[in-house]
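Shown next, in C-alpha cells, is the structure this report addresses.
Throughout, read-outs are computed from the coordinates displayed, never taken from laboratory work. Model, not experiment: these values are computed from the prediction. Note: ideal-geometry Cβ built from the backbone for every residue, glycine included; neighbour counts use all protein chains shown.
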Amino acid sequence: MSDGQRRVARAVRLLVWGLWLRCPRCGARSLFRTWFTMHEYCSVCQLRFEREQGYFLGAMYINYGVTVGLALSGSFTLEWWTAVSLAQQLLLWIGFGSLFPVLFFRHSRGLWLAFDHIFDPVEDQGSGDRDDKGW
C-alpha cells in the first residue's frame, strides 16, 4: 500500500469514526455524555475535544451545508417526480430545516473532530499534559 493510499484510508476511517461519534484518535465511543453535552476529554486516550473557545464553528458549517444540500436535492427531486404543491413543499422543507439540524448536531461535531484530526492531528497530548489551553 502506498503512502497516498494509506492517507486516504486513514481519512476515510476518521470520517466514519466521526459519523459513528467515536474519538478521532483512538476510535472509542466517548464523544457525548448527553444528547447535547460532549465529554471534555476522551475517556480512553485523553484527547481534549474542544481545543479552544469557538472550536466547533466548523461543525455548524457542516450541519448547515448538509441540511441545505439535502433540502435542495429533496425539493428538486420532489418537483421533478411528483405533483406536490408549493404550499406542501414549503411545509415539508420548513419542518425538515427545523428538525434535521437538531438531529444531525452530534454527527456534525463528530465529523468536525474527524476533519480537524485529519489535517491537524494532536498525537503527543497525554493525560498529564492538561494545561489551561488544553495542549
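Counting only whole DSSP H helices of the chain, the ones at least 15 Å long by C-alpha along their axis and with mean Kyte-Doolittle hydropathy no lower than 0.5 are 57-81, 86-119. Sorting the Cα pairs of the chain by distance into bins of 10 Å, from 0 upward, gives 11, 34, 27, 17, 8, 2, 0 percent per bin. A full extension of the chain between Leu86 and Ala9 corresponds to an added length of 23.4 nm, given 0.36 nm per residue minus the alpha carbon distance. Amide H to amide H distances under 5 Å link Met38 with Arg33, where only residues 5 or more positions off or on other chains count and H is placed in the peptide plane. Positive contributions from Lys and Arg (+1) and negative ones from Asp and Glu (-1), summed over other residues with Cβ under 10 Å from the Cβ of Pro24, come out at +2. Per residue, the convex hull around the alpha carbon atoms of region 29-89 comes to 132 Å³.
Spin-label model, Met60/Leu19: points 7 Å from Cα along the beta carbon direction are separated by 2.6 nm.
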